[in-house]
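**Q** First, the structure itself, so that you have it in front of you.
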Amino acid sequence: MKRQSKSQRTAAEFIPPGASLDEVRRAAAGCKACDLWKLGTQTVFGEGARHAKVMFIGEQPGDKEDLAGKPFVGPAGAVLDKALAAAGISREDIYVTNAVKHFKWEPRGKRRIHKKPNALEVAACRPWLDREIELTQPEVVVVMGATAAQALLGRQFKVTQQRGRLLDSNLAPHVIATVHPSSILRAPDDETRHAEMASFIDDLRVVARAMKQRTRRAA
Ligand code: URA
Ligand code: SF4
């Protein structure tokens, strides 16, 4: 039998069949499907409402998330929280997760600097995300930034050109792409940052409307 190379492994082999969301979360803690488990402190699985109306998908945990074991608790999470409040979306209605569940970083002095996950790592981690979507069944999926967008919407997808609109995708009844909140933190000056925050909030207002639409139809 041909031995499977490490790069071809995926998280699927770690997922117990028929597992509940809590069981899947526990299984993810022991995932070794790619080499990132050696770099991160722990698996950072998604969190939020069990049957969330909306799932927000980022790239991978950052330094703070890696230490806390929770997604979006650092600076990018603060931007997300602020924009959610401005768009009138309650934290209770959402589930937040990432395309990749271990922190990939490289040292710079005493700091751990974020390093973008590669396509093999994103592919290896994908079964966790698929299971999260399947088990929480969100009405709206919000894909934030290029890594998540390319993983879920195709390699050709351009967030800058297609952000803030309802997209045709079988991931959920409504799918929307927007920028990653940490891109707002990287804005070169205050004026740009304010403008980018306003556009991010506009995109989240589209999400808020999609949530209401669906609720009305279901009522
Ligand atoms: N950036 C992400 O993509 N996800 C997090 O959880 C934190 C920062
Ligand atoms: Fe598993 Fe994902 Fe962590 Fe890789 S990044 S070890 S696939 S949980």
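**Q** Can you give the charge dipole size of the range 1-80 about its Cα centre, rounded to the nearest 20 debye, using +1 on the beta carbon of Lys and Arg and -1 on the beta carbon of Asp and Glu? Don't skip to the answer; put the middle values down first.
**A** Working: 12 positive and 9 negative charges, 70 e Å.
Value, rounded to 20: 340 debye.
**Q** I'd like to know which of Leu166, Phe14, Thr192 lies farthest towards the positive end of the charge dipole of the chain, counting +1 on Cβ of Lys and Arg and -1 on Cβ of Asp and Glu.
**A** Positive-end residue among those listed: Phe14.
**Q** Could you calculate the contour length gain from Thr192 to Gln161, that is, 0.36 nm times the residue separation minus the distance between their Cα atoms, to one decimal place in nm?
**A** Between Thr192 and Gln161, full extension yields 9.4 nm more.
**Q** How big is the antiparallel share of DSSP beta bridges in the chain, given as a percent to the nearest 5?
**A** 35
**Q** For Trp128, Trp105, which order do you get if you count the other beta carbons within 10 Å of each Cβ and list the fewest first?
**A** Fewest to most other Cβ atoms nearby, the residues stand as Trp105, Trp128.
**Q** Now a separate question. Once a ≥ b ≥ c are taken as the square roots of the eigenvalues of the Cα gyration tensor of the chain, is the result rounded (a/c under 1.5), prolate (a/b larger than b/c) or oblate (a/b not larger than b/c)?
**A** Oblate shape, in that a/c is at least 1.5 and b/c is the bigger or equal ratio.
**Q** Fewest to most neighbouring Cβ within 10 Å: what's the order for Thr10, Thr136?
**A** The fewest-first ordering by Cβ neighbours comes to Thr10, Thr136.
**Q** While we're looking at this one, here's another question. State to the nearest 20 debye the size of the charge dipole of the range 33-218 about its Cα centre, where the only charges are +1 on K and R beta carbons and -1 on D and E beta carbons.
**A** Working: 29 positive and 22 negative charges, 16 e Å.
That gives a dipole near 80 debye.
**Q** Using only DSSP helix segments of four residues or longer, with each worth -39500 (n - 2.57), what per-residue ellipticity at 222 nm results for the chain after dividing by its residue count and rounding to 500?
**A** That calculation yields -12500 deg cm²/dmol at 222 nm.
**Q** Picking from Leu80, Pro61, Trp105, whose Cα lies most toward the positive end of the charge dipole for the chain (charges on Cβ: Lys, Arg +1; Asp, Glu -1)?
**A** Farthest towards the positive end: Trp105.
**Q** Could you tell me which of the pairs Lys115/Lys158; Lys38/Lys116; Lys32/Lys158; Lys32/Lys110; Lys158/Lys212; Lys82/Lys110 are separated by over 23 angstrom between their Cα atoms in the structure shown?
**A** As for pairs spanning more than 23 Å Cα to Cα, those are Lys32/Lys158; Lys32/Lys110; Lys158/Lys212; Lys82/Lys110.
We did not get these values from a lab; they are worked out from the coordinates using the rules stated. These numbers were taken from a predicted model, which means no experiment stands behind them. Note that we place each Cβ from the backbone using ideal geometry, even for glycine, and neighbour counts take in every protein chain shown.
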